[in-house]
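This report refers to the structure that appears directly beneath it.
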Amino acid sequence: MIQDLVPEVRKNMHVIAKEEVELQRLDEQIGETRTRLGKEKEQLLRLKTDLAAGKAEYVYANRTYTADEVKVDLASRFDRYKTGEATLSQLVQIRDARQKSLTAARHKLEGMLAARRQLQVEIENLEARAQMVAAAKTTSNYQFDDSRLGRVKELVSSLRNQLEVNEKLVSTEVYFHDEIPLDKTTPENIVEQITEHFGPKAPAATAVAKK
C-alpha cells in the first residue's frame, strides 16, 4: 500500500524543483531590470540637467542636436523609464507571490513525507501482528481484532486524496516592446516632469529605482 504513495511524492518534489529554477530566473530578470533602470536614470538626469542650461545646441558622441531634438529624446526616454519602473514592480510582486506558494508547497511535501513515514511504521506493526495471529491460529481459536487495520486503511485513503491535489504555479514572463511615436507631441514641461519624478516629492519611485 505504502508504495502507491511514492509516485505522488516524487511528482510533488519535481514540481518544487522546477519552481525553484523558475524563481531563480525571475530573480535574475529583476536584477537585470534594476541595473538597466539605474543606467537609464543617470542618462535622464544628465539630459535634464543639460536642457536646464538653456543652450540652443548640444553635442553628444560627436554629433550636434538642437534643444528640441534633445527634448523629444528626453520625453521618449522618460516614458520608457516609467514603463520600466512599472515592469519592475510587477516582477517583484510576481516573485513574492510565487515564493510564498513555493514555501507552502515545501511545507505540504514535508507533511506528506512525515505522514508516509508514520503510515509505514503502522503498516509494519500490522504486518507483525498479522504474523502473530497466523501463528496463534495454528494452536487456538484466537480471534484477531482488525479495527486497527481498518483505521490505518482509512489513513492511507485520506493521504492518497491529499496527494491528488497538485500545486499549479503559473510561470510568467513579462515582455515590453518599444515603438517609435509617430504622432505623439513632446510635452513642453518635460524637464519639470523629470525633476518632480526624481525629486523629494516622489520617495516611493526613487526607492524602487535604487533597489
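The values are calculated or read from the model by the stated rules, or taken from the named source; none is laboratory data. Bear in mind that the values here come from a model prediction, so they are computed numbers and not experimental data. Cβ sites come from the backbone with ideal geometry, for glycine too, and all protein chains shown count toward neighbours. Note: accessible area is taken over every heavy atom of the protein model, side chains too, but ligands, DNA and RNA are not part of it. Shrake-Rupley method; radii C 1.70, N 1.55, O 1.52, S 1.80 Å.
Determine if the range 1-18 includes at least one residue that is at pLDDT below 95, outside any helix (DSSP H, G or I) and touching a helix residue (DSSP H, G or I) at 6+ places or on another chain (Cβ under 9 Å). The answer is yes; a qualifying residue exists. Every condition in (1) acidic (Asp, Glu); (2) open to solvent by 50 Å² or more (accessible area, probe 1.4 Å); (3) modelled with pLDDT of 75 or more holds for Glu164 except the one numbered (3).
Per the conditions (1) under 30 Å from Arg10 (Cβ atoms); (2) modelled with pLDDT of 95 or more, the sole criterion not satisfied by Gly38 is (1). Within the range 67-107, the set of residues being open to solvent by 60 Å² or more (accessible area, probe 1.4 Å) and of a type outside the set (S, T, N, Q) comprises Asp68, Glu69, Val72, Asp73, Arg77, Arg80, Lys82, Asp96, Lys100, Arg106, His107. For the residues Leu23, Leu37, Leu51, the requirement of being buried (at least 16 other Cβ atoms within 10 Å of the Cβ), on the phi < 0 side of the Ramachandran plot, part of a helix (DSSP H, G or I) and within 13 Å of the chain's Cα centre (by Cα) singles out Leu23.
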